[in-house]
Structures are given as C-alpha cells and as structure tokens.
1. Looking at region 73-126 only, could you name the residues that are surrounded by 15 or more Cβ atoms within 10 Å (Cβ to Cβ) and among the charged types (D, E, K, R)?
2. Of everything in region 59-110 that's hydroxyl-bearing (Ser, Thr, Tyr) and free of Cβ contacts under 8 Å to residues at least 40 places away in the same chain, which residue is nearest to Leu132 (Cα to Cα)?
3. Quick check: anything in region 43-55 out of contact with any helix residue (DSSP H, G or I) (no Cβ under 8 Å at 6 or more places or on another chain) and surrounded by 11 or more Cβ atoms within 10 Å (Cβ to Cβ)?
4. Filter region 84-121 down to the residues that are assigned to a loop (DSSP other than H, G, I, E, B) and farther than 13 Å from Thr71 by Cα, then identify the one that is nearest to the chain's Cα centre (by Cα).
5. Report yes if some residue within region 129-136 is basic (Lys, Arg), at pLDDT 90 or above and in a helix (DSSP H, G or I); otherwise report no.
6. Pull up region 22-78, narrow it to residues that are hydroxyl-bearing (Ser, Thr, Tyr) and in a loop (DSSP other than H, G, I, E, B), then point me to the one that is modelled with the highest pLDDT.
Amino acid sequence: MYYNPYPYFVYPNYYPAWAMANQPTTQLPSRHLAMPTNPTNRSPFPPVNTNRLKTSAKRIKAIMQQAQLLTDKIDESEQFAHDLMNAAQQSNKTEVEKLIALTGITLKFETNYTPDGFHITFTDKSCCKLTLILNW
C-alpha cells in the first residue's frame, strides 16, 4: 500500500500514478487539496469593500478624542488623579465611573481594575472599541 507522509494530499488522488494506470478516471480531483490544481481558482474571500473600514476609522477618531479627555484630566489635575486612583484601589466602581463621567466623556465605557492599574474600554455600538490601559 502507498504511504503518504503529508497531512494533506498534494496529488489529485490517493495513490501513485502507476497504481492507477489501468483505472478509468471518472472522478474530478478533490477540492480540498493543499495546493490548487487550477490556477484560475477564485479567491475564497469576498471582494474587498473598504466602506465599513473607513466608517470604523472615522468613529474611532471620536472615541480617541473621548479618551483624550480623560488622559488630559489625569495629566493636568493631581487631585483628580489621586481621587481616581484611590477609588480604583478601593474598588469603588460608582466613584470611578462618576469621576470619569465628570471629564466630559459621553460614550459608554467599562472599567476593570488590577493591582497595577486599570483598564477602561470605550465602545461605540457594534462598530469599534478602544481599550485604554493606565498603570500606576
């Protein structure tokens, strides 16, 4: 019996040509071959349409502006940075969300805390997300 050392079949049939010499070939080559046998095969991917990508790029700019409101406030105000870090370390979620909302952020956001800092994820419906990771 013929042993094929490859996990995918590179040849259109399972056996070498000498074993199949007297057999009629009524089957077409398998479509799941590792290498395409027909160079005119179409791509398995849909045609490129950049409209959704462009829309996401425009929306992410607005999200980035919202994130900049928060980072500017942290950078400019020592008291705000202290209050935000203190509330996050105490796992006071309502206080953290209140402080973040005071910066003027209007988008929906989620916050998660770690011992090293906190993560804030801004979301714009089903379009895109931006996760901001701030360490202390």
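The values are calculated or read from the model by the stated rules, or taken from the named source; none is laboratory data. Remember, predicted model here, so these are calculated numbers, not experimental data. When we count neighbours, we look across all protein chains shown, and the Cβ atoms used for this are built from the backbone with ideal geometry, even at glycine.
1. Lys73, Asp83, Glu95, Glu97, Asp124
2. Thr103
3. Residues of region 43-55 out of contact with any helix residue (DSSP H, G or I) (no Cβ under 8 Å at 6 or more places or on another chain): 43-55.
Restricting the remaining residues to those that are surrounded by 11 or more Cβ atoms within 10 Å (Cβ to Cβ) gives 55.
There is at least one residue in region 43-55 that is out of contact with any helix residue (DSSP H, G or I) (no Cβ under 8 Å at 6 or more places or on another chain) and surrounded by 11 or more Cβ atoms within 10 Å (Cβ to Cβ).
4. That would be Leu107.
5. Residues of region 129-136 basic (Lys, Arg): 129.
From what is left, the residues that are at pLDDT 90 or above are 129.
With in a helix (DSSP H, G or I) added as a condition, the list becomes none.
No.
6. Pass one, region 22-78, residues hydroxyl-bearing (Ser, Thr, Tyr): 25-26, 30, 37, 40, 43, 50, 55-56, 71, 77.
Now restrict to residues that are in a loop (DSSP other than H, G, I, E, B): 25-26, 30, 37, 40, 43, 50, 77.
Numbers: Thr25: 59, Thr26: 61, Ser30: 58, Thr37: 54, Thr40: 58, Ser43: 72, Thr50: 88, Ser77: 93.
Here the answer is Ser77.
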